[in-house]
Amino acid sequence: MTYAGGTPSDPGAPDKVGILVTNLGTPDAPERAAVRRYLKEFLWDPRVVEIPRPLWWLILNGVILNVRPARSAEAYQTVWTERGSPLMYHTSDFTDALREHMQREHGEDVAVEFAMRYGSPSIAEVAGKLLSGGVTRLVVLPMFPQYSGATSGSTFDALSRYLQGRREITDLRFVASYHDDPGYIAALANKIADFQSVHGRPDKLLFSYHGVPARYCAEGDPYRLQCLDTTRRIVQALDLPEDAYMTCFQSRFGREEWLQPYTDETLKALPGQGVQSVQVVCPGFSADCLETIEEIGVENRDYFVEAGGRDYAYIPCLNSDEEHVAAIARLLREQAAGWLDANPVDQQAQAAAAPR
């Protein structure tokens, strides 16, 4: 193996903590070729699709990558802005706010950057930037509150592959999930409460999480249980009665059975059960993206209205909300315990103001 990694760290240099925030990824442009490149990387990941590689290679390259990119590109075109993909700019805005928050509390010896599991900027690229910039201790936070092998597990795989090529390995802490973090739960509960203070309470509040094949959870993936636990904690914070909410799963792919109930089928059925107003929130998504803006905000709205529903609303993700940033900053301080001073900026100010 050829090792990369540049100059060894200086034993006399002060420790520098790096925060690497990661998200799923996005095509570089809402065009067929760019979407095809993105889908090829994403769908070839054995954590995402657990089908024997020779068979899956034929299906992926012979069918899916010849059909799906054009359809997906059309969907991306409906959410693309002058700033690009919503997932990209929301993740960038969140990271900028988190960096400002962390450096305000801990000074310049903490570096905060983001990477994407698929597409760019890649995990290898950004991790390399942090380590070559003097980071000696690294905290990695995949922005997937509920753990799944297809998300956080795959992120760990990508980081591990990069580190295997380095001569020197830094101290590392990896946040596998934060589905029950009190700050995250409070931020979501307050987001819902604030939305409902303006728009009123619906007949039914739907908690819609991204789906995974049911087989994954049957074989030990904790994702479903963590989703249900997140819902339970938010419901407790909002003091909602049992008949006021549901948990469901969206974005299934292929013919295999996925986690149920399915969001789209639920929304088609609710008007027939007397439910005329619905609000949908997506606690598994840290940033708004194609799956929330177009799939939940548009496609599933149409299902509900066409089935006879009256009022439908999507409650946006936490994105770069101040409370979200503060919650993640507190979580990271806990993960970096012993690496970050309590608040060196305040300590320096107090020392300067102390009587002599």
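Just to confirm, what accessible area per residue do you get for the chain at 1.4 Å probe, in whole Å²?
47 Å²
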Point to revise | Per-residue SASA entry for Phe144, accessible area with 1.4 Å probe, Å² rounded to 10 | key: 20 Å²
Exercise for review: State the percentage of accessible surface on segment 9-98 attributable to carbon and sulfur atoms; use a 1.4 Å probe and exclude ligands, DNA and RNA.
Suggested key: 57 percent
Review point. With the calculation restricted to Cα positions, what are the radius of gyration and Dmax of segment 184-241 in angstrom?
Key: 13.6, 43
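Over segment 96-215, what is the mean sequence separation of C-alpha contacts under 8 Å (at least six apart), divided by residue count, expressed as relative contact order in percent? Don't skip to the end; give the middle numbers.
On the way: 79 pairs, mean separation 24.4, N = 120.
In percent, rounded to a whole number, it is 20.
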**Study point:** Percentage relative contact order, segment 28-165, counting C-alpha pairs under 8 Å, at least six apart
**Key:** 26 percent
Check your understanding: Counting DSSP beta bridges with both partners in the chain, what percentage is antiparallel, nearest 5?
Key -> 5 percent
Practice item. At 1.4 Å probe size, with no ligands or nucleic acids counted, give the accessible surface of Glu108 in Å², nearest ten. Key: 130 Å²
Check your understanding: So what are the ³J(HN,Hα) numbers for segment 176-191, from phi and the Karplus equation (6.51, -1.76, 1.60; θ = phi - 60°), rounded to whole Hz, Gly and Pro as x?
Key -> 6, 6, 8, 4, 10, 5, x, x, 5, 5, 5, 5, 5, 4, 5, 4
Review point. Largest first, what is the accessible-area ranking of Leu228, Leu290 with a 1.4 Å probe?
Key: Leu228, Leu290
**Study point:** Given charges at beta-carbon only (K, R positive; D, E negative), |dipole| of segment 204-296 in Debye
**Key:** 120 debye
Check your understanding: Taking the Cα centre of each part, how many Å lie between segment 199-272 and segment 90-124?
Key -> 30 Å
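Roughly how big is the chain's charge dipole about its Cα centre, with Cβ charges of +1 (Lys, Arg) and -1 (Asp, Glu), in debye to the nearest 20? Don't skip to the end; give the middle numbers.
Working: 34 positive and 48 negative charges, 173 e Å.
Once rounded to the nearest 20, the dipole reads 840 debye.
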Check your understanding: In segment 204-314, what % of DSSP beta bridges are antiparallel (nearest 5)?
Key -> 5 percent
Practice item. Let me see the pair-distance distribution of segment 162-271: every alpha carbon pair, 5 Å bin width, integer percents in order. Key: 2, 10, 16, 17, 17, 13, 9, 6, 4, 3, 2, 0, 0
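Once the cut-off is 22 Å, how many percent of the Cα-Cα pairs in segment 97-245 end up in the long-distance tail?
Working: 5957 of 11026 pairs.
Here the tail beyond 22 Å accounts for 54 percent of pairs.
Counting pairs on different chains as well as pairs 8 or more places apart, how many Lys pairs in the chain have Cα atoms under 29 Å apart? Intermediate results must be reported in sequence, preceding the final value.
Numbers: Lys16/Lys129; Lys40/Lys129; Lys191/Lys204; Lys191/Lys268; Lys204/Lys268.
Lysine pair count for the chain: 5.
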Study note, to complete from the structure: The long-range amide H neighbours of Gly25, using H built 1.01 Å from N in the peptide plane and a cut-off of under 5 Å, are Arg117, Tyr118
Practice item. Select from Ala73, Pro54, His90 the residue farthest towards the positive end of the dipole of segment 37-125; place +1 on Cβ of Lys and Arg, -1 on Cβ of Asp and Glu, and compute about the Cα centre. Key: Pro54
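Do the sum for the chain: with -39,500 (n - 2.57) for every DSSP H run of n ≥ 4, divided by all residues, what is the mean residue ellipticity at 222 nm, to the nearest 500 deg cm²/dmol? Mind showing how you got there, number by number?
Working: 13 runs with 154 residues, N = 356.
For the chain, the value works out to -13500 deg cm²/dmol.
The values are calculated or read from the model by the stated rules, or taken from the named source; none is laboratory data. This one's a predicted model, so the numbers in the text were calculated from it and none came from an experiment. With ideal geometry, Cβ positions are generated from the backbone for all residues, glycine too; neighbour counts draw on all protein chains shown. The protein model used for the area step is the full one, side chains on, heavy atoms only, and it has no ligands, DNA or RNA in it. Shrake-Rupley method; radii C 1.70, N 1.55, O 1.52, S 1.80 Å.
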